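Written below as structure tokens is the structure these notes are about.
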Amino acid sequence: MRELKHNGELKAAACHHLNDVGPKGLLGSMSSYGEDFDTRMKIFEERDYTLAESINYVFPDPVEAVLNFAIGEGSPAPDRGSRKNVFNPDFNEIGLCLGAHSTQDYMNVLIFKGKDHSGSGLIPKATATGTYNKDFNKKALLRHNMYRRMHQVPCLVLDETLAIAAQTWAN
């Protein structure tokens, strides 16, 4: 099994899905606006690779989440497709997003990228990035919500527009 390299654009796509469905308590790959994984990935242009997505709802720790995907537990897919994605030798890049989910506590979204033997696939378009640190904000929110749950207080949801405005004002 080869090493999976981090891909920031795949992570952004994974986080976009998590931030869309997590606060609404939705499960699976379907977005809140009715788009399946393939449709959501239309933000990418045709090229020579393929994409796959795995989702589970356990473990807030990234290492534990990936191990859980490898074992295949905690996935809503009875065929353990997540396990197949983790061990697929054709996948060589990954985007991972872990965060809060309103009904499941946590949600983990992994998007894999790899060679497409059919000659068709997807390649990312350039995406704009904010000036604030998304990773730090998400980790801080996750930790903050862990303590809120300990005290039976509802979880907070990150508002990226507000976070960017706050960072701009702070700068």
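Would you tally the net charge around THR39, using a Cβ to Cβ cut-off of less than 14 Å, leaving THR39 out, and scoring K and R as +1, D and E as -1?
In short, -3.
At 0.36 nm per residue, minus the direct Cα-Cα distance, what do ILE71 and ALA140 gain on full extension? Give it in nm, one decimal, please.
The ILE71-ALA140 span can extend by a further 22.1 nm.
Can you give me the solvent accessible area of GLU35 with a 1.4 Å probe, rounded to the nearest 10 Å²?
Accessible area, nearest 10 Å²: 60 Å².
For SER32 and GLN152, calculate 0.36 nm times their separation in residues minus their Cα-Cα distance, and state this gained length in nm to one decimal.
40.5 nm
Which distance in nm do the two modelled labels at ASN88 and THR39 give, with both placed 7 Å along the Cα-to-Cβ direction?
Those two pseudo-labels are separated by 2.1 nm.
Quote the accessible area belonging to VAL58 in square angstrom, nearest 10, computed with a 1.4 Å probe and with ligands, DNA and RNA left uncounted.
For VAL58, the solvent-accessible surface is approximately 50 Å².
Note down the nm distance, to one decimal, between modelled labels 7 Å out along Cα→Cβ at THR161 and at VAL58.
3.7
Between SER102 and GLU3, take the C-beta separation as r, use R0 = 35 Å, and let me know the FRET efficiency to the nearest 0.05.
That pair, SER102 with GLU3, gives E of 0.55.
Would you mind putting 96-105, 22-31 in packing order, based on average other-beta-carbon counts within 10 Å, highest first?
96-105, 22-31
The values are calculated or read from the model by the stated rules, or taken from the named source; none is laboratory data. These figures come from a predicted structure and were not determined experimentally. A quick note on method: Cβ atoms are made from the backbone with ideal geometry, for glycine too, and the neighbour counts reach across all protein chains shown. Areas reflect the complete protein model, heavy atoms only, side chains present, ligands, DNA and RNA absent. Shrake-Rupley method; radii C 1.70, N 1.55, O 1.52, S 1.80 Å.
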